[in-house]
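Read through the structure below, which is laid out as structure tokens, and then see the notes.
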Amino acid sequence: MNIHVSYPSRLYSDKLSLDCGSTRICHDISVAIPDRGFTVIIGPNGCGKSTLLRGLSRLVRPSAGKVHLDGKVISDYSTREVAQRLGLLPQSAQAPEGIRVGELVSRGRFPYRRAFSTWSDEDERAVLAALQATSTLELIDREVDTLSGGQRQRVWIALALAQETPVLLLDEPTTFLDIAHQIELLNLLRNLKETGNRTLVAVLHDLNHACRYADHLIAMRDGRILFEGSPAEIITPSNIEALFGLRCVVISDPVSGTPLVVPR
Amino acid sequence: MSKFRFAPHANPLLKRCQLYLLLGCMALCLATLTGGQYDPSASRLLATLLGHGDPLTNLIILDLRLPRFLAALGIGAALAVSGSIFQRTAGNPLASPDLVGFTVGSASGALVTLLLLQLSGNAVILGALLGGVLSALLVTGIAHVAQARGERMIMVGIAIAALLAALNEYLLTRAELDDAQEARLWLFGSLDSLSWSKALMVLGGCALLLPIAAQLGQRLRLLELGNDLAEALGLPVAYSQYALLLVALALTALAIATAGPIGFIALAAPQLVKRLTHTSDIGIVAPALMGALLTAAADLLAQRLLAPFQIPVGLLTGALGGLYLIYLLASQWRRTL
Ligand SMILES: Nc1ncnc2c1ncn2[C@@H]1O[C@H](COP(=O)(O)OP(=O)(O)O)[C@@H](O)[C@H]1O
Ligand SMILES: [Mg+2]
């Protein structure tokens, strides 16, 4: 598979504050996303994980602070330039009634549209690669409404892959999937990171999955970063209690050797 | 067959649907020009169309029936494309200029101009447009303040429309008999005694606005995926929404300025195309043709059903629209049960 990443990507925020209406959701967040890593954001419901992803991808204008992408403040790019460098799969993605898989995935090529010309070899190659990477090629003529949850989630990821951005942010990509499909999807993401040289950021709810797949964890609570680092460094009983108010023991995962959180 | 497998391509069902709709419009043209109270023979009709007919046939075909038929096509196309834009930006099959209060608001505007301000002619058209725009702004404004989107925005629209409908009734009961006669026409659009100048206005307006709608319509493909994903894919969402809304409102305004408020077309035409073709990406051409066909057919029925009495076409489409709305709601409820 050939996914081109032609420059080193770099995404970080500097004292970023984000508001929703008049309420401040994220406070003073300075965070650097490791290049070509798999970063996972964890934290209780409503702590501002989605808002942070939206801020990092310029969907929310900062009320204070800045986001930097590839050496420039992100607001200095056009919407389209951002879309060629950074992709976001939101929590709320919805498929229009009756749309087919192939049609949906090819909409991921929108950032590369040119005036008057319609479709290029490059577009064709990117869509095919995205479908193959997510094993959704055989689904192209199916209506998205008729797919299973796991298939549908893979289709959304295919759309984000067709966008061919070096940085990809995913908001809760495994929610609503059964355990087998969650693992399948996480393996797919890890594979993408390793073979495609991409920088991935995902919000995940399952701590043990986060520990197993992430090489960098960001833990948020009440709109602030409580701690960040590699799972082995930061997943300790006292940190988990501070983050979720949950008493637990942390043992070593017998399969992967990463931290395994067991509630008391 | 193109060498590309994934290029966005027109659905074959959609192409076939467009062809049938076009044929339908042609058949309807023939049915409208012939038949009825004055049914010209084929040779007289042909002579008139070729420019050497007798005066009576010329009058009926060229000055009465043809402009009316062409205007019906233009009005239907404008309304249907407007409705299609509303529905696809809101992601809701119930969204339409009718349900954001534009249609009933324009009736209020016309009635206020006619009955309270005692003006007539073009001032009434202007009043109607102003009323429509104001009530649409009112609905979207309230919805914006209340952060209501989709279904809830439509609820706001229904509430405002009910208030305005009551206002309209009140204005009518207060009116002098002569005024009330003219005013009632503004409650339901009508194509009676439509002149060539109005027909040319609506066709010219369509020639200007429909290409713009087709160009902007590309953006609907992205907006349908939700605002966040659309923006993440590089679409300037707020600008696109405003531009699309503006074109949709201009199309509705064009239709209302020509023949008053004709309900149901904007609501139903895009949905019918969607159901017939099983695609979400219906483009601009198919809904335009469907709207044109529905409006011209409804107007033909309105002329002939109780002839010589002429039913206002808006009354007919309104009644059909009510039935259609019940069907749509019932099928939605069944799906959510
Ligand atoms: N559109 C909105 N209007 C008002 N408050 C919002 C809106 N979206 C999110 N919030 C609030 O922002 C906070 C953070 O939300 P979010 O970023 O979605 O959290 P998470 O993704 O961590 O669950 C929540 O308390 C939520 O109530
Ligand atoms: Mg969230």
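The values are calculated or read from the model by the stated rules, or taken from the named source; none is laboratory data. Bear in mind that the values here come from a model prediction, so they are computed numbers and not experimental data. Heads up, the Cβs are rebuilt from the backbone with ideal geometry, glycines too, and the neighbour counts pull from every protein chain shown. Surface areas here come from the heavy atoms of the whole protein model, side chains and all, with no ligands, DNA or RNA. Shrake-Rupley method; radii C 1.70, N 1.55, O 1.52, S 1.80 Å.
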Looking at A:59, A:88, can you tell me which residue is within 10 Å of another protein chain (Cβ to nearest Cβ) and modelled with pLDDT of 95 or more?
A:88
Might you check whether a residue that is within 14 Å of chain A (Cβ to nearest Cβ), under 28 Å from residue B:13 (Cα atoms), free of Cβ contacts under 8 Å to residues at least 12 places away in the same chain and not hydrophobic (A, V, I, L, M, F, W, C) occurs anywhere in segment B:236-246?
no
Please tell me if residue A:196 is of a type in the set (Gly, Ala, Ser), within 29 Å of residue A:25 (Cβ to Cβ) and in contact (Cβ under 8 Å) with a residue 40 or more places away in the chain.
no
Just to confirm my filter: which strands (runs of 3 or more DSSP E) fall fully inside segment A:154-253 and include at least 2 residues that are open to solvent by less than 10 Å² (accessible area, probe 1.4 Å) and away from ligand 1 (no atom under 16 Å from the Cβ)?
A:167-171, A:199-203
Could you please find all residues in segment B:86-119 being within 14 Å of chain A (Cβ to nearest Cβ) and part of a helix (DSSP H, G or I)?
B:87, B:88, B:89, B:90
Out of all the residues in segment B:148-195, which are of a type in the set (A, V, I, L, M) and outside any helix (DSSP H, G or I)?
B:148, B:175, B:191, B:194
Can you confirm whether segment A:111-123 contains a residue that is on the phi < 0 side of the Ramachandran plot, away from every other protein chain (no Cβ under 11 Å) and crowded, with 20+ Cβ neighbours inside 10 Å?
no
Of the candidates A:142, A:54, the one satisfying the condition of being open to solvent by 30 Å² or more (accessible area, probe 1.4 Å) and at the interface with chain B (Cβ under 8 Å from one of its Cβ atoms) is A:54
Kindly provide the set of residues from segment B:126-148 that are open to solvent by 30 Å² or more (accessible area, probe 1.4 Å) and in contact (Cβ under 8 Å) with a residue 12 or more places away in the chain, ordered by number.
B:126, B:129, B:130, B:133, B:134, B:138, B:140, B:142
Checking the structure you have, find out if any residue of segment B:59-78 is open to solvent by 20 Å² or more (accessible area, probe 1.4 Å), farther than 20 Å from residue B:291 by Cα, modelled with pLDDT under 90 and touching a helix residue (DSSP H, G or I) at 6+ places or on another chain (Cβ under 8 Å).
yes
